[in-house]
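Read the figures in this text as sums done on the coordinates, not as results from a lab. Treat the numbers as computed from the prediction; the structure is a model and nothing was measured. All Cβ positions, glycine included, derive from the backbone under ideal geometry; neighbour counts span all protein chains shown.
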Amino acid sequence: METARETKIRWFGHAAFSIITPNGKTLLIDPWLKNPSNPEAKDGKDPLAAVSKVDYILLTHGHRDHVGDAVEIAQKTGAVLISNPELAGNLVKLAGFPGKQAETDAIMGIGGEIQLADGEVTVAMTPAIHSSSVFNPRAGANEPERAYGGNPSGFVVAIKDGPTIYHSGDTAYFKDMETIGENYSIDVALLNIGGHFGMEPKMAAKAAQSVRAKLAIPQHFGTFPGISQNAEVFAQELKKVKVRFHEMKPGETITYRGKLLVTAR
Ligand SMILES: [Zn+2]
Ligand SMILES: [Zn+2]
């Protein structure tokens, strides 16, 4: 009997996810692990203490709630950065991201695809309508508060013998999300539903429909004031467009065996 090829997707709260591939590669997307929703960051615990092996860090854009703890994790693990060149360059210059891990052929642009992990993982950078900037630690009277972060993006992460995952970043809804659904067979869409800075829950459900997601998981809500505090409206709207809904709890892992979701808790 063939052994199961499992992919594990874990949510740390906010926009932060890890993906562990069947071959054991670890990808982190928008790793703000110290966000207040992460159970591992509560009661003075350090969520980075348990982080030892990370192969790739994917950043959708430069905002603080997405870059999160990327620099510290990169320093600790040697992980390679996947982002646009402007964000990568400014993170190296302003935030201390290790240059050797940010100046590789994993730097990419919207519309492009790269292969990682000996071809086990394909990453496509997708458009996002949002903004992107890097906080400047040298900000002062004559230094801007924020540096350029390149174009914001989303990602499609296609795992060989596993699911194809769409992470929307902080985008607004845009009609061309339909093109993402035409080009990729999205098994699971991790969608920002918090509103205010990005998609309101109703439009996030429309996004799930546009990318033809088989399963929609909400993210970027409930973390701080100003964004939606729960996923109820999103769940109701998904029913109308007949897309399966699953709300992860921060800290939860879901497992795929091949393209089949085997645990949703
Ligand atoms: Zn943002
Ligand atoms: Zn955000």
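Some observations on this one:
- With the simple spin-label model, which puts each label point 7 Å out from Cα in the Cβ direction, the Phe135 to Glu232 separation comes to 3.2 nm.
- Residue-averaged 222 nm ellipticity for the chain, from DSSP H runs of 4+ at -39500 (n - 2.57), nearest 500: -5500 deg cm²/dmol
- Extents of region 71-211, taken as max minus min of Cα coordinates on every principal axis and listed largest first, are 45, 39, 23 Å.
- Note on region 52-107 and region 128-193: Cα centroid distance 15 Å, given to the nearest whole angstrom.
- Neighbours of Phe17, meaning other residues whose beta-carbon lies under 9 angstrom from its beta-carbon, give a summed charge of 0 when Lys and Arg score +1 and Asp and Glu score -1.
- Rg to Rh, two decimals, where the chain supplies the alpha carbon set and Rh follows Kirkwood: 0.94
- Summarising the label geometry, the points placed 7 Å from Cα in the beta-carbon direction at Thr104 and Lys242 lie 4.3 nm from one another.
- Pairwise inverse Cα distances across region 177-239, averaged and inverted, put the Kirkwood hydrodynamic radius at 11.5 Å.
- Per residue, the convex hull around the alpha carbon atoms of region 1-99 comes to 108 Å³.
- Fraction of antiparallel bridges per DSSP, region 162-265 only, in percent to nearest 5: 25 percent
- Percentage, to the nearest whole number, of Cα pairs in region 111-174 over 13 Å apart: 69 percent
- Available extension along the chain between Lys42 and Lys202 is 54.5 nm, counting 0.36 nm per residue and deducting the alpha carbon span.
- Residue among Val54, Val241, Val121 with the largest mean-square fluctuation in a Gaussian network model of the chain, springs linking Cα atoms under 10 Å: Val241
- FRET efficiency, 1/(1 + (r/R0)^6) with R0 22 Å, evaluated for Ala50 and Glu6 via beta carbons: 0.65
- Region 123-265, relative contact order in percent, only Cα pairs under 8 angstrom and at least six apart counted: 19 percent
- Contact order for the chain, expressed relative to its length and based on alpha carbon pairs under 8 Å spaced 6+ residues apart, stands at 18 percent.
- Linear extension gain, Ile114 paired with Lys76, 0.36 nm per residue minus alpha-carbon span: 11.3 nm
- Taking the chain as a Gaussian network of alpha-carbon nodes connected by springs under 10 Å, the highest mean-square fluctuation of the residues Lys25, Lys239, Lys160 belongs to Lys239.
- The listed peptides 212-220, 175-183, ordered by packing as a protection proxy, come out as 212-220, 175-183 (highest mean of other Cβ atoms within 10 Å first).
- Only beta bridges with both residues in the chain are counted; by DSSP, about 70 percent of them are antiparallel.
- Here the translational diffusion coefficient of region 80-128 follows from Stokes-Einstein with Rh set to the Kirkwood radius across Cα pairs; for 25 °C and 0.890 mPa s it amounts to 218 µm²/s.
- With both labels modelled 7 Å from their Cα along Cα-to-Cβ, the Asp161 to Glu182 distance reads 3.3 nm.
- Of Lys25/Lys242; Lys45/Lys259; Lys8/Lys242; Lys8/Lys214; Lys8/Lys175; Lys25/Lys76, pairs whose Cα-Cα distance is over 23 Å: Lys25/Lys242; Lys45/Lys259; Lys8/Lys242; Lys8/Lys175
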